[in-house]
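Below is one structure, written out as structure tokens; the observations come after it.
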Amino acid sequence: MTRHATVLALALFLFACASEKAKPPPAAPAPPPTPAISLARDALDKGQYEIALEQYEIVARTPGHENRIEALERLAHLTSNGLGVEASESVATQYYHRAAELGSANCQVEMASRYQAGRGVPRDDQLAVHWARTAAEQKHPRGQAFLGWLFETGTGVERNEYRAARLYELAATQGDPLALTNLGVLYQKGIAVMPDLERAATLYEQAAKQGFAPAQVNLGRLYLQGKGVPQDEEEALHWFLEAAGQGDGAGMYYAGVVYEMEGAIDHAKMQYERASNAGVRQARDALLRIR
């Protein structure tokens, strides 16, 4: 099966006690939204994508506009998905890049992902590291998690699993499901940390309850094997089906495994067929075995 990702970090929580005299004055109320941003939001809510694009473009072209990042993010999303305009990943990337340069941590992570995958831009692992690090420096949890994955895999940087673990920990303390899952894998395998199956199960469960399919599969496997948790085939099946319901091939395959163990061959075949169609080689082998 394809191995799901991993990584760790400690979050610093700083606060200061100030006297009433030291407190800053209350912030001035935010100015009302400009007509263009109001029209854009209203059009987007109504599914009037062409109008939304036009109004967001006005905002995006206005230097210093307080909603410029929002406009660029929406333009990128609409363009990437072909809503109101012909789909174009290269044009969407340009919008994401402009927002990233304006300081949007979400778009900085998106740029890191796009450079690493070569989506809308030529693949460039060094630029992937740059944007992931930029987002991580803003304490963005997915930026920390993605940078951790780059260190764990040695993508664009020298491989450093200990640094990856620290970054995963930082992001995991903020509840990022990718970081929770990757950190769980480290604890399960004893990579850069002491092996701890109970800790791995706890981390997987936190991510699984957020609907993160890789964590659901990993947690299900622990229940199936009775590692870090009591062995419980029904609980394992629950998590495999949760992942399968999101189209996760591994979830489909392992649901088939449990059904086959229980003698529910028709159900097992159905899950194996779905997993096989999703490209899971083991599922094809299972179908040949039980037919």
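How about region 118-164: which of its residues are more than 20 Å from CYS107 (Cα to Cα), among the small types (Gly, Ala, Ser) and under 17 Å from the mean Cα position of the chain (by Cα)?
Passing the criteria: only ALA164.
List the number of the failed condition for ARG163; all other conditions in (1) closer than 25 Å to VAL280 by Cα; (2) touching a Phe, Trp or Tyr at 6+ places or on another chain (Cβ under 6 Å) hold.
(1)
Of all residues in region 224-236, which are surrounded by fewer than 24 Cβ atoms within 10 Å (Cβ to Cβ) and assigned to a helix (DSSP H, G or I)?
LEU224, GLN225, GLU233, GLU234, GLU235
Looking only at helices (runs of 4 or more DSSP H) that lie completely in region 55-158, which have at least 3 residues being more than 19 Å from ALA40 (Cα to Cα) and out of contact with any His (no Cβ under 8 Å at 6 or more places or on another chain)?
Output list reads 89-101, 105-117, 125-137, 141-153.
Please find, among VAL229, VAL280, VAL257, the residue that is at negative phi, at pLDDT 95 or above and under 24 Å from the mean Cα position of the chain (by Cα).
Values: VAL229 fails: under 24 Å from the mean Cα position of the chain (by Cα); VAL257 fails: under 24 Å from the mean Cα position of the chain (by Cα).
Within the list VAL229, VAL280, VAL257, the selection yields VAL280.
Can you tell me which residue is farthest from VAL217 (Cα to Cα) among those in region 240-291 that are of a type in the set (D, E, K, R) and outside any helix (DSSP H, G or I)?
ARG291
The values are calculated or read from the model by the stated rules, or taken from the named source; none is laboratory data. Note that the coordinates shown come from a computational prediction; the quantities given were computed from them, not determined experimentally. Methodologically, a virtual Cβ is constructed for each residue, glycine included, from the backbone with ideal geometry; neighbour enumeration extends over all protein chains shown.
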